[in-house]
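The values are calculated or read from the model by the stated rules, or taken from the named source; none is laboratory data. Since the model is a prediction, treat every value here as computed from it, not as a measurement. Virtual Cβ from ideal backbone geometry, glycine too; neighbours counted across all protein chains shown. For accessibility, only protein heavy atoms count, side chains too; no ligands or nucleic acids. Shrake-Rupley method; radii C 1.70, N 1.55, O 1.52, S 1.80 Å.
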Amino acid sequence: MTKGKVDALLGIVFGDEGKGKVVDYFTPRYDVVARFAGGPNAGHTIIFDGKKFVLRSIPSGIFDEGKINIIGNGCVIAPDLFMAEAHELEAAGYELTERLHISRRAHLILPTHRVLDRAYEAAKGKNKVGTTGKGIGPTYSDKAQRVGLRVGDILNNFEEKYRALKARHEQILRDLHFTDYDLTEEEENWLKGIEYMRKFHLTDTEFEINRALAEGKNVLAEGAQGSLLDIDHGTYPYVSSSSTTSGGVCTGLGIAPNTIGHIFGIFKAYSTRVGGGPFPVELFDETGDTLRHIGNEYGAVTGRNRRCGWLDLVALKYAIMINGVTDLVMMKGDVLDGFDTIKVCTAYTKDGVTTTDMPYDTAGWEPVYEDVPGWHTPLTAVREEKDFPKAFADYIAYIEQATGTPIRIVSVGPDREATIIRA
Ligand code: IMP
């Protein structure tokens, strides 16, 4: 029997690369779709049969009958938000309980984790991370502290464990003098979410995935956030708290590195970032506003303005290296349609030093740009590579040459058809 492989689909910059747009190209090719990191801080917008869904914790293969979707052990899950997300899909006619399996090792986000998220952010003042407020950091902290609650605990003496962790959080909040919160309603709903989760397969998903691979089935590991938000390799401390890179696929699903096949790295033809932290290519001028406006760069989870800038090859090359990206997927080329000249950041400079290697701390580094010509042609109607304006084809070739990595898929508009697969 041919052994199956795990392919990874990863946002490789700061998240929001538009994975939701291309998943319908990817998911039909896989038997299992699995999330390996993050939680409801993600918002994968999927437009399907004229309906729009924002998936937060549930993998994108959920729309296809016969596909197994897994929330892996590397994820964190908020029962109340999960229930709301699942109800929306159920209301639209999708059956979930057979299709969705949740790792017993995934950690639970408690209502008090969300309060702690707010309290820690408030305590940081101007150095705040700008989190999504979903309790992600405090939940992963409890995991590392070895005091967290896991999905499997729902089935085993849950009340007592919940009360103990909640009491621990309340003590921390008192110590921080952060007492202005009332969880009565939220907790009631959260406990309903716990009950709701019982109807799903709460299983040992690492065995499921490895058995599927042994049977020759293929698995898609669906990333969340982006590589520069990775707890180890991102722009620490302005990062999320999970392993968002390809290494996280192994630890977050319980699969071995030699089961990994392709690693698809998604990036946009320009750069964006949500939340705090250094962002050398950020544009504070009209060009930045134009990119935000044309690219509709407003957060799917929080509605915040995304910070915008030109493509950053220093960041892109670093992410390709860290992840071992085999194939690139370039999104939103059409957003650059109207520019005479497009800038690309090829290096950073600070205090007379210039580097093309991503620095340990990107604060204070200035971008060094190269100019490339714009194409001045609307790309959105283009359906075949042979119809690319020459300057756009050159932009693609320039990125491929600079990164040494092929761009396999090019998206030039929001429609499903505006996705060009290159040989
Ligand atoms: P947290 O994951 O809520 O703790 O937020 C940490 C940082 O990651 C903040 O700067 C967030 O804006 C950012 N972040 C978290 N999730 C996403 C995402 O899905 N897309 C983009 N940025 C994100």
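List of remarks:
- In summary, the aspartates and glutamates within cross-link reach of residue 134, defined as a Cα separation below 15 angstrom excluding same-chain residues under 8 places away, comprise 80, 85, 117, 121, 142, 186, 187.
- Put simply, the amide H of residue 75, placed in the peptide plane, has neighbours under 5 Å in 107, leaving out anything fewer than 5 places away on its chain.
- With protein chains left intact and a 1.4 Å probe, residues in the chain average 43 Å² of accessible area per residue.
- Length gained when the stretch residue 417-residue 179 is fully extended (0.36 nm per residue, less Cα-Cα span): 80.5 nm
- Cα centroid separation - segment 211-261 against segment 3-62, whole Å: 13 Å
- Percent of Cα pairs exceeding the 19 Å cut-off, where the set is segment 1-154: 57 percent
- Packing, taken as the mean count of other beta carbons within 10 Å per residue, orders the peptides 31-40, 371-380 from highest to lowest as 31-40, 371-380.
- Heavy-atom surface analysis with a 1.4 Å probe gives the chain a carbon and sulfur content of 50 percent of its accessible area.
- Positive end of the dipole of segment 28-86 (Cβ unit charges, origin at the Cα centre): among 32, 68, 54, the Cα lying farthest that way belongs to 54.
- FRET E, pair residue 377, residue 157, Förster distance 60 Å, beta-carbon r, rounded to 0.05: 0.40
- Largest-first ellipsoid semi-axes for segment 300-415, taking √(5λ) over the Cα gyration tensor eigenvalues, angstrom: 26, 17, 16
- Spacing of the modelled spin labels on residue 95 and residue 201, each 7 Å from Cα toward Cβ, amounts to 1.3 nm.
- FRET E, pair residue 3, residue 64, Förster distance 25 Å, beta-carbon r, rounded to 0.05: 0.65
- With all pairs of different C-alpha atoms in the average, the Kirkwood value for the hydrodynamic radius of the chain is 22.2 Å.
- Centre-to-centre, using Cα atoms only, segment 125-159 and segment 366-403 are separated by 43 Å.
- In segment 192-248, inverting the average of 1/r over every pair of distinct C-alpha atoms gives 13.9 Å as the Kirkwood radius.
- Fully extending the segment from residue 353 to residue 52, taken as 0.36 nm per residue of separation minus the present Cα-Cα distance, adds 103.7 nm.
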